[in-house]
Amino acid sequence: MNATAYTQEILDELKRTLSLMNDGDTENLADTILHANKIFVAGGGRSGFMAKAFVMRMMHIGLEAYVVGETVTPNLEAEDLFIVGTGSGETGSLVAMTEKAKSIGATIAAVTTNPSSTIGKLADHTIEIPAQSKAHSASGISIQPMGSLFEQALLLFYDGLILCVMEKSDSHSDIMYGRHANLE
């Protein structure tokens, strides 16, 4: 198979995966984002890259959002939202962060392939992306290696969630251009 054919199969996998997600869960998370004081997002590895893209878009629409682990990230408080993107829901560092956020009293949202995981069980909101995680790469769900399908679906989910938040808050893309970096 050539790269174009592989790309088409990847797109088909993404369409299948995203069509199985629960719209009600997404709407609830959009409302939770809009009512949070601050929003913190975490993920390990490639899921962490998706978290950074998501936080950037939240900043662009005027939300106070941060990537966990950056030097400019402030403290988490009880009125805040902690969103963690994790395929397995068992990554040790993310479990520790989630437990800490829970002990502080923050609202927890898990975006995962495994709602019954440690992080899924700690979460107030659980969004399931029905894709293989790297821990289940032999499942036959995807032709892609490791957690690629989850990570790609995570980015698309986050982009769709931004559109939901924008619609609910009457934000327009014009505000995004005014908040885009200009020291490039």
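The values are calculated or read from the model by the stated rules, or taken from the named source; none is laboratory data. These numbers were taken from a predicted model, which means no experiment stands behind them. Every residue, glycine as well, gets a Cβ built from its backbone with ideal geometry; the counts of neighbours run over all protein chains shown.
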Open item on the list: Take Ala65 and tell me if it is free of Cβ contacts under 8 Å to residues at least 12 places away in the same chain and among the aliphatic types (A, V, I, L, M).
Closed with: no
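Considering each of Ser47, Ser103 in turn, give the residue that is assigned to a helix (DSSP H, G or I) and closer than 16 Å to Gly147 by Cα.
Of Ser47, Ser103, the one residue that is assigned to a helix (DSSP H, G or I) and closer than 16 Å to Gly147 by Cα is Ser47.
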- [ ] Could you grab the pairs with beta carbons closer than 7 Å, sequence gap of 6+ or different chains, first residue in the stretch 157-171 and part of a helix (DSSP H, G or I), second one among the hydroxyl-bearing types (Ser, Thr, Tyr)?
- [x] Leu161/Thr26; Cys164/Thr26
Open item on the list: Would you confirm, using the coordinates I've provided, whether Gly105 is at pLDDT 95 or above and at positive phi?
Closed with: yes
TODO: Those residues that are without any contact (Cβ under 8 Å) to a residue 24 or more places away in the chain and either farther than 21 Å from Ala53 by Cα or outside any helix (DSSP H, G or I) (or both), I need them from the stretch 1-34; list them, please.
DONE: Met1, Asn2, Ala3, Thr4, Ala5, Thr7, Gln8, Asp12, Arg16, Ser19, Asp23, Gly24
Task: Members of the stretch 120-141 found to be at pLDDT 85 or above and either out of contact with any Pro (no Cβ under 6 Å at 6 or more places or on another chain) or surrounded by fewer than 16 Cβ atoms within 10 Å (Cβ to Cβ) (or both), listed by number - done: Gly120, Lys121, Leu122, Ala123, Asp124, His125, Ile127, Ile129, Pro130, Ala131
Task: Count of residues meeting criterion [among the aliphatic types (A, V, I, L, M) and closer than 14 Å to Phe157 by Cβ] in the stretch 59-90 - done: 2
Task: Number of positions in the stretch 6-35 that are farther than 17 Å from Ile108 by Cβ and of a type in the set (Ser, Thr, Tyr) - done: 4
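Yes/no matrix, rows are residues, columns are (1) in contact with a Gly (Cβ under 7 Å, 6 or more places away or on another chain); (2) at pLDDT 95 or above; (3) surrounded by fewer than 17 Cβ atoms within 10 Å (Cβ to Cβ); (4) polar (S, T, N, Q):
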residue	(1), (2), (3), (4)
Tyr6	no, no, yes, no
Ile10	no, no, yes, no
Thr17	no, no, no, yes
Asp25	no, no, yes, no
Ile33	no, yes, no, no
Leu63	no, yes, no, no
Val67	no, yes, no, no
Asp80	no, yes, no, no
Val84	yes, yes, no, no
TODO: Being part of a strand (DSSP E or B) and among the polar types (S, T, N, Q) is the filter here, so list the residues in the stretch 81-100 that pass it.
DONE: Thr86
Open item on the list: Being closer than 27 Å to Thr17 by Cβ and exposed (fewer than 13 other Cβ atoms within 10 Å of the Cβ): is that true of Ser93 here?
Closed with: yes
Task: Residue ID - nearest to Asp80 (Cα to Cα), chosen from residues in the stretch 52-64 that are part of a loop (DSSP other than H, G, I, E, B) and of a type outside the set (Val, Ile, Thr) - done: Glu64
Open item on the list: Looking at (1) crowded, with 20+ Cβ neighbours inside 10 Å; (2) in a helix (DSSP H, G or I), which one does Phe40 not meet, given that it meets all the others?
Closed with: (2)
Open item on the list: It is to be established whether one or more residues within the stretch 65-80 are under 18 Å from the mean Cα position of the chain (by Cα) and assigned to a helix (DSSP H, G or I).
Closed with: no
